[in-house]
Amino acid sequence: MNALPLKHVLLATLLGSLVFVAGAGADDIKLPDMGSPADTIFNTSEEAQIGRMIMRDIRASGMVVEDPLVTEYLNDIGSRIAAQTNDGDHRFTFFAVDDPRINAFALPGGYIGVHTGLLEASRNEDEVAGVLAHEVAHVTQRHIARSIHANSRQSLLTTAIMLGAIIMAAAGGSGDAVQGAMAVAQGTAMQQQINFTRTNEYEADRVGIAALADAGFDPYGMASFFDVMSRQQTSDPNSRAPEFLRTHPVTTARIAEARNRARTYPQIRSDDSTSYGIARTRVIVAKFDTPAEGVAYYEARDYENQNDIERYGRAVAYQRAEDYHGARDIFEELMEKDKTVIAYHIGLGETLVALDHYSAAIDAFERALELFPRNVPLVIEYGEALLQLGLAEKAHDLLLDLLNNVPPTPEQVRLIARAAAQAGESAEAYYYLAEYRLMIGDLGGGISYLQQALRLPELQEIQRARFEARIDFIREFMSEEQLKRMQSTRPTGIARNDATQ
């Protein structure tokens, strides 16, 4: 593949250095939208490359929430919405960011982040769906590229720094760092220069509300969340505006227009899914500084008066506080009432492992797999449990079957690398670690792991051919400078954190 033009490399480099967000695997190269003014800045394939660079830094920051149940929920809802508005040129990845501020943001290439604070602040699933629909529309309408094009009289350097600063603010960057970047950029107001213009915000509302209704959600969900945020600010004028309002300015006129637009669609009654309650509850439990605080939060209300989601939260809080007997009793009760909730099965299996009831734990996970084959959170958690029980070969086979059929996250690839290493499959462990490094944007690291695999004496010829072909493929994406740098910094073994965490 040809290298990006210099101006695009500069933009990607500046974005990667200013924003801390995470990486993903290589996307298929697609033709640009012919005739789009945004293509004078970068086309959709180049947007995807820039997005991967930004994501690499987010993931390296440790801010991405690596909870399979939360990740699956966001991607399930986001994919439903994206299917209604996507023209086929965008691949979406939805992820949670560990940040209590109420915000969400879209990155080039279809990466959409949701702060845990937003998930907690939401009152129902339609509001979460409304926010995701708005961010999806920003991507499909190519607002980032269009905003840069509209300000093309600025120098590329100023544009790139401004864009990086804005995305960093949305992703949770420190105030000092953002202000410093903005000062360097100079120019007129942030909103006027690069941040989504008022026109873009209204367009994202319009496109998003249509997708929201078409996906089966209440079209009022977006206006409802805007109204909540606006009321939160006006109720205490001296308080700092919610981060969502700072990055997505909301006026009474905009809220009214969103409501009026929602009225043009048939009324939809959309009940909250159990998955919404599970994801939101897990975010709430994780926010407490100590396990005792989480337990106190859920024990503040009598057990008899709690609904199933609240009881699930109590069980997860008990897990975190190592009260495994209390957690087991609740999970068993919840499963007795509803065996269709995967999170209950996972919770019970995890708790039985913690209680050293290994045979019962394996039976619990196996029964769940019969009900939900290849469910990502279930298989990932079962794989973790098998490794904990010393059953690395079984874990490797289980994870390999999943990841051959479902696109994995970088952390899931690192998990299968750990399983392969513990099972004595050194060559495959190196191969998975290579893929992990590629997914977080480290091409040199990926090649280095493959080269280590090629030096193994037990390597089979079919593996050798596969690894050499992969090296040749990766090198097509690398510059001469990257190739030289790769030769001077090679990982020295599997124990290099990648397969040990």
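General remarks:
- Among the residues of segment 105-125, the ones that are surrounded by fewer than 23 Cβ atoms within 10 Å (Cβ to Cβ) and either of a type in the set (Gly, Ala, Ser) or touching a Ser or Thr at 6+ places or on another chain (Cβ under 9 Å) (or both) come to 5 in all.
- Residues (within 15 Å of the chain's Cα centre (by Cα), touching a residue at least 60 places away in the same chain (Cβ under 8 Å) and not in a helix (DSSP H, G or I)) located in segment 104-127: Ala104, Phe105, Leu107, Pro108, Gly109, Gly110, Tyr111, Gly113, His115
- Single unsatisfied condition, Asp33 versus (1) within 20 Å of the chain's Cα centre (by Cα); (2) among the acidic types (Asp, Glu); (3) modelled with pLDDT under 90; (4) in a loop (DSSP other than H, G, I, E, B): (1)
- Residue satisfying condition, being at pLDDT 85 or above and surrounded by fewer than 14 Cβ atoms within 10 Å (Cβ to Cβ), within set Arg466, Arg455: Arg455
- Set Arg91, Arg142, Arg146: member being modelled with pLDDT of 50 or more, under 24 Å from Ala223 (Cα atoms) and not aliphatic (A, V, I, L, M): Arg142
- Exclusive hit being modelled with pLDDT of 65 or more, buried (at least 22 other Cβ atoms within 10 Å of the Cβ), over 20 Å from the mean Cα position of the chain (by Cα) and within 22 Å of Pro266 (Cβ to Cβ), set Gly216, Gly208, Gly130, Gly221: Gly221
- Members of segment 377-398 found to be touching a Phe, Trp or Tyr at 6+ places or on another chain (Cβ under 9 Å) and within 26 Å of Pro457 (Cα to Cα), listed by number: Ala395
- Lone unmet requirement of (1) modelled with pLDDT under 90; (2) in a helix (DSSP H, G or I); (3) closer than 22 Å to Met222 by Cα for Arg101: (2)
- In summary, helices (runs of 4 or more DSSP H) completely within segment 241-353 and bearing 3 or more residues that are crowded, with 19+ Cβ neighbours inside 10 Å, among the β-branched types (Val, Ile, Thr) and at pLDDT 95 or above occur at 274-287.
- With respect to (1) at pLDDT below 90; (2) among the hydrophobic types (A, V, I, L, M, F, W, C); (3) buried (at least 22 other Cβ atoms within 10 Å of the Cβ); (4) outside any helix (DSSP H, G or I), the lone exception for Leu4 is condition (3).
- Test: residue in segment 404-423 that is farther than 25 Å from Thr93 by Cβ, at pLDDT 95 or above, assigned to a helix (DSSP H, G or I) and among the charged types (D, E, K, R): no
- Residues located in segment 56-79, provided they are under 22 Å from Leu402 (Cβ atoms), assigned to a helix (DSSP H, G or I) and either within 12 Å of the chain's Cα centre (by Cα) or not small (Gly, Ala, Ser) (or both): Arg59, Pro68, Leu69, Val70, Thr71, Glu72, Tyr73, Leu74, Asn75, Asp76, Ile77, Gly78
The values are calculated or read from the model by the stated rules, or taken from the named source; none is laboratory data. Computed from a prediction, not measured in an experiment: that's the story for all the values here. Counting neighbours? That spans all protein chains shown, and the Cβs are built from the backbone with ideal geometry, glycine included.
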